[in-house]
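The next block holds one structure in the form of structure tokens; read it before the comments.
Quick note: the coordinates plus some simple rules give every number you see, no bench work behind them. Model, not experiment: these values are computed from the prediction. Cβ coordinates were reconstructed from backbone atoms using ideal geometry, including for glycine residues, and neighbour counts include every protein chain displayed.
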Amino acid sequence: MRKAGALVWRVHQRVRELVRPGVTTAELNACAEELIAEAAATPLFKGVRSKDARFPFPAALCISVNDQVVHGIPGARRLNEGDVVSIDCGVRLNGYCGDAAYTWPAGSISAANGRLLSVTSQALQLAIAQIRPGRMWSEVARAIQHFVEANKMSVVREFVGHGIGREMHEDPKVPNFDDRKQRKHDFRLMPGMTLAVEPMVNLGGHAVQFGDGDRWTVVTKDGRAAAHFEHTVAVTETGADVLTDGRE
């Protein structure tokens with residue numbers, strides 16, 4: 001899984017270099033597809049079907065811009081100065097999966113959006129620091145939610161992290177918030193678990209909706225910006241080991 005994670009990291013580093021005003025989201029995806037093919041890996045997202053969507057997901061990357069939260073489809077859209085660009089990449093290499101997401105600025109962004117990116121990234125790092133064997137996931141989720149809401153932002157409820165291994169989506173579900181409903185599915189962190197931990201944070205309210213007719217792209221209901229950061233993380237005897245940080 002670390003080898004798959006290292007490939008995901010390399011894709012992100014290369015795509016990050018291309019994020020700037022004027023580039024199309026299709027160009028970013030083409031770069032990722034080339035790198036994944038060169039590594040003899042397969043993109044996890046391409047061809048995935050959803051009960052809500054009208055067609056399988058057509059790209060290697062999910063690229064979600066500004067008020068788009070997740071599952072944005074790459075295409076002819078050109079980035080503008082001030083955009084915030086969430087990029088999610090997953091691959092399967094030699095039978096094992098890696099999955100990570102980052103949100104990057106296109107040029108100079110507003111102070112509010114800069115804070116959004118900072119808070120969301122810090123929320124992920126906070127979660128990783130809180131992971132240790134024997135702890136209930138709800139404790140980690142509660143810490144994420146408290147941190148985000150203390151910064152006057154909102155955690156998305158409808159989309160959560162997940163177990164990951166030989167398949168992209170495995171049990172358990174890994175929420176970024178804590179409530180009674182989620183507590184029914186709480187789980188204890190144990191050595192050997194591998195989780196995709198992925199806070200999705202909105203600058204405004206937490207409500208989201210489908211943004212267009214394809215029923216893939218999810219947007220904030222209030223039209224304010226969103227950010228998304230994710231790592232694939234292994235639970236060890238002593239804490240957490242990030243598998244998508246570039247180490248081979």
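Worth a mention:
- Shape class for the stretch 1-56, computed from the alpha carbon gyration tensor (a ≥ b ≥ c): oblate, with a/c not under 1.5 and a/b at or below b/c.
- Neighbour counts of other Cβ atoms within 10 Å put 42, 220 in the fewest-to-most order 42, 220.
- Cα gyration tensor shape of the stretch 25-68, rounded if a/c is under 1.5, else prolate or oblate by comparing a/b with b/c: oblate
- Stokes-Einstein diffusion for the stretch 38-91, with the hydrodynamic radius set to the Kirkwood value over Cα pairs and evaluated at 4 °C in a medium of 1.567 mPa s, equals 106 µm²/s.
- Each 10 Å bin from zero up to the one holding the largest Cα-Cα distance in the stretch 54-141 carries the following percent of pairs: 14, 35, 33, 16, 2.
- Two-decimal Rg/Rh across the chain, once Rg and the Kirkwood Rh are taken from alpha-carbon atoms: 0.94
- Sorted by Cβ neighbour density within 10 Å, fewest at the top, the residues 149, 248: 248, 149
- Working note: 222 nm ellipticity from helices only, DSSP H runs with n ≥ 4, each -39,500 (n - 2.57), summed and divided by the residues of the chain, gives -9000 deg cm²/dmol to the nearest 500.
- Contour minus Cα-Cα distance for residue 158 and residue 146 (0.36 nm per residue): 2.6 nm
- Here the translational diffusion coefficient of the stretch 176-222 follows from Stokes-Einstein with Rh set to the Kirkwood radius across Cα pairs; for 4 °C and 1.567 mPa s it amounts to 95 µm²/s.
- Descending by average beta-carbon neighbour count within 10 Å, the peptides 178-186, 72-80, 93-101 line up as 93-101, 72-80, 178-186, the highest first.
- Relative contact order (%) - the chain, alpha-carbon pairs under 8 angstrom, separation at least six: 24
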